[in-house]
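Engineer: If you scroll down you'll find the structure; I have some questions about it.
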Amino acid sequence: MFGFQLRLTRALAMFCLVFTTACTASYQNHGYVPSEEDLASLVVGVDTRATVDDVIGAPSASGLLSGGDYYYVRSQIREYGMFKPEVVDRQVLAISFNSDDSIANIERFGLEDGHVVPLTRRVTNSSVVSNGFIRQIFGNFGNLNPADFF
């Protein structure tokens, strides 16, 4: 009887340990943003795009046009149990350039600076949805013009 209680106690302790560790939050880091020390070596108006590439590296995202601005993005996402993953921290470093490829501005944005962008879909309404298959077939009989056959 004593052996059964000992095994039951151990099993219960193991279950509690697994249960508590399963509910801890896990964090995932994505992206790269240069440190302030690296940015301190860049001088606005003096350094060029090539200097930025050498000092802090080329970004993973840049402007749409060739020769566009540089954007460094880093996100930290928290996953907690069964809940939806949540973005805890996001930093965006934007380096804009003049027409002569010298640095025009260096800006840093955080998650609190962001705005929610509502995505909309434009869908063409179809008249087919309310009509059944048989109604569509019989509706086409009146649309025939005998003159089109000759």
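Engineer: If we scan the stretch 126-141, do we find a residue that is surrounded by 10 or more Cβ atoms within 10 Å (Cβ to Cβ), assigned to a loop (DSSP other than H, G, I, E, B) and at pLDDT 75 or above?
Structural biologist: No: zero hits.
Engineer: Let me ask another. Would you say Val52 is aliphatic (A, V, I, L, M), over 20 Å from Asp69 (Cα atoms) and out of contact with any helix residue (DSSP H, G or I) (no Cβ under 8 Å at 6 or more places or on another chain)?
Structural biologist: Spelling it out, it is not the case that Val52 is aliphatic (A, V, I, L, M), over 20 Å from Asp69 (Cα atoms) and out of contact with any helix residue (DSSP H, G or I) (no Cβ under 8 Å at 6 or more places or on another chain).
Engineer: Sort out for me the helices (runs of 4 or more DSSP H) sitting completely within the stretch 1-59 that have 2 or more residues that are touching a residue at least 40 places away in the same chain (Cβ under 8 Å).
Structural biologist: Helices (runs of 4 or more DSSP H) meeting the threshold: 49-55.
Engineer: Which members of the stretch 2-51 meet the condition of being out of contact with any Lys or Arg (no Cβ under 8 Å at 6 or more places or on another chain) and at positive phi?
Structural biologist: Residue satisfying the conditions is Gly45 alone.
Conditions (1) surrounded by 14 or more Cβ atoms within 10 Å (Cβ to Cβ); (2) modelled with pLDDT of 85 or more; (3) over 22 Å from Arg90 (Cα atoms); (4) within 25 Å of the chain's Cα centre (by Cα), marked per residue:
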position	(1), (2), (3), (4)
Thr24	no, no, no, yes
Ala40	no, yes, no, no
Val46	no, yes, yes, no
Arg49	yes, yes, yes, no
Ser62	yes, no, no, yes
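Engineer: Here is a further query. Only residues that are part of a strand (DSSP E or B) and either surrounded by fewer than 16 Cβ atoms within 10 Å (Cβ to Cβ) or under 25 Å from the mean Cα position of the chain (by Cα) (or both): list them for the stretch 93-112, please.
Structural biologist: Leu93, Ala94, Ile95, Ser96, Ser102, Ala104, Asn105, Ile106, Glu107, Arg108, Phe109, Gly110
The values are calculated or read from the model by the stated rules, or taken from the named source; none is laboratory data. What you see is a predicted model, and the numbers here were worked out from it, not measured in a lab. FYI the Cβ positions are ideal-geometry reconstructions off the backbone, even for glycines, and counts take in every protein chain you see.
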